[in-house]
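Enquirer: This is the structure, below, for whatever I ask next.
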């Protein structure tokens with residue numbers, strides 16, 4: 001796949017945190033580890049990082065998440081979409097946690113304007129982080145499976161969805 | 001219904017039973033029988049069901065129990081062999097020798113009471129994750145390189161975390177896992 005120019009940051013500046021809307025999604029690239037097989041759930045909650053990087057759905061479509069920082073396309077990776085609402089409202093699924101314990105920050109990179117970073121997870125104990133990772137899993141959706149490509153129709157719909165998600169960021 | 005489970009009869013005899021209208025027949029010890037019921041189809045994929053039933057069939061034979069345990073130990077050996085280079089994206093330290101030994105001890109102990117781990121994998125948090133499934137509940141145990149031990153029990157259907165905490169010793173870990181397979185959890 002050709003690297004999309006829409007991902008380049010150029011002169012664009014970072015958006016403030018409040019522009020990340022609850023209706024948005026965060027896309028993460030997950031490499032199936034050596035012990036993963038197709039019959040098992042994907043991705044694996046044991047592989048979500050405390051400082052997980054994401055592509056923001058307002059400025060990226062899922063498949064673009066396969067490009068790394070040096071524009072290399074990783075077809076072997078799958079893409080999971082995490083609901084911003086779930087990330088912010090952790091209390092709804094796990095009463096142990098308050099809402100907004102985790103923060104999402106828009107931190108554009110030269111080759112990825114949509115780049116966002118999760119923070120706040122490192123302040124928890126490891127068992128608590130395990131609970132948060134499991135919480136994430138409840139509302140994720142698998143956008144693209146590893147080694148699978150998308151067709152033109154899905155590409156079109158994903159681009160349309162990206163613009164809708166961008167409108168959300170301006171409405172609230 | 002996908003499968004029936006019978007106790008005290010062999011798989012060969014079970015398939016000869018009249019009025020048996022299921023696709024897969026499994027024989028399992030009493031403690032494992034209630035894993036198989038019609039609700040299984042609601043939360044497990046076909047592959048998972050076949051895997052579960054397959055593992056129950058194995059449990060009927062002590063030689064196969066040894067085989068399953070050996071496979072799990074081999075998996076731990078492979079994880080040890082991968083070392084720090086198991087993650088394709090970045091360098092994430094693999095489990096320490098202490099964690100490897102601890103994991104081997106736990107799964108060997110549990111195997112003696114017919115409890116087998118469903119999945120052994122590496123954690124991004126630097127250590128080993130064990131995943132156990134009992135009906136609609138999943139128990140995650142993570143043994144970390146710094147000596148911490150975390151666990152979590154979730155209800156996959158109701159999407160609720162039932163328990164989440166830490167354990168401090170081998171006995172606590174083994175008891176927690178045994179309790180998981182014996183206890184009925186109430187989820188609000």
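Enquirer: Out of B:117, B:174, B:106, I need the residue that is over 20 Å from residue A:128 (Cβ atoms) and in a loop (DSSP other than H, G, I, E, B). Which one?
Expert: B:117
Enquirer: Listed residues A:98, A:126, A:88; which is in contact (Cβ under 8 Å) with a residue 12 or more places away in the chain and either under 16 Å from the mean Cα position of the chain (by Cα) or under 24 Å from residue B:166 (Cα atoms) (or both)? Reasoning before the result, please.
Expert: On the way: A:98 fails: in contact (Cβ under 8 Å) with a residue 12 or more places away in the chain; A:126 fails: in contact (Cβ under 8 Å) with a residue 12 or more places away in the chain.
After ruling out the rest, the residue left standing is A:88.
Enquirer: Exactly one of (1) crowded, with 20+ Cβ neighbours inside 10 Å; (2) more than 14 Å from chain B (Cβ to nearest Cβ) is unmet by residue A:155. Its number?
Expert: Exception for residue A:155: condition (1).
Enquirer: Got at least one residue in the range B:113-127 being more than 9 Å from every other protein chain (Cβ to nearest Cβ) and under 22 Å from residue A:95 (Cα atoms)?
Expert: No, the range B:113-127 has no match at all.
Every residue, every condition in (1) surrounded by fewer than 19 Cβ atoms within 10 Å (Cβ to Cβ); (2) more than 10 Å from chain A (Cβ to nearest Cβ); (3) without any contact (Cβ under 8 Å) to a residue 60 or more places away in the chain; (4) closer than 19 Å to residue B:97 by Cα, yes or no:
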position: B:136; (1), (2), (3), (4): yes, yes, no, no
position: B:139; (1), (2), (3), (4): no, yes, yes, no
position: B:155; (1), (2), (3), (4): yes, yes, yes, no
position: B:165; (1), (2), (3), (4): yes, no, yes, no
position: B:171; (1), (2), (3), (4): yes, yes, yes, no
position: B:179; (1), (2), (3), (4): yes, yes, yes, no
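Enquirer: Does residue A:127 qualify as being within 14 Å of another protein chain (Cβ to nearest Cβ) and either on the phi < 0 side of the Ramachandran plot or out of contact with any helix residue (DSSP H, G or I) (no Cβ under 6 Å at 6 or more places or on another chain) (or both)?
Expert: The answer is yes for residue A:127.
Enquirer: How about the range A:1-40: which of its residues are at pLDDT below 80 and exposed (fewer than 14 other Cβ atoms within 10 Å of the Cβ)?
Expert: Residues satisfying the conditions are A:37, A:38, A:39.
Enquirer: Being farther than 24 Å from residue A:95 by Cα, surrounded by fewer than 16 Cβ atoms within 10 Å (Cβ to Cβ) and within 12 Å of chain A (Cβ to nearest Cβ) is the requirement here; does residue B:147 meet it?
Expert: On the way: farther than 24 Å from residue A:95 by Cα: yes; surrounded by fewer than 16 Cβ atoms within 10 Å (Cβ to Cβ): yes; within 12 Å of chain A (Cβ to nearest Cβ): yes.
Considered against the rule, which asks whether it is farther than 24 Å from residue A:95 by Cα, surrounded by fewer than 16 Cβ atoms within 10 Å (Cβ to Cβ) and within 12 Å of chain A (Cβ to nearest Cβ), residue B:147 comes out as yes.
The values are calculated or read from the model by the stated rules, or taken from the named source; none is laboratory data. Remember, it's a predicted structure, so these values are computed and weren't measured experimentally. Cβ coordinates were reconstructed from backbone atoms using ideal geometry, including for glycine residues, and neighbour counts include every protein chain displayed.
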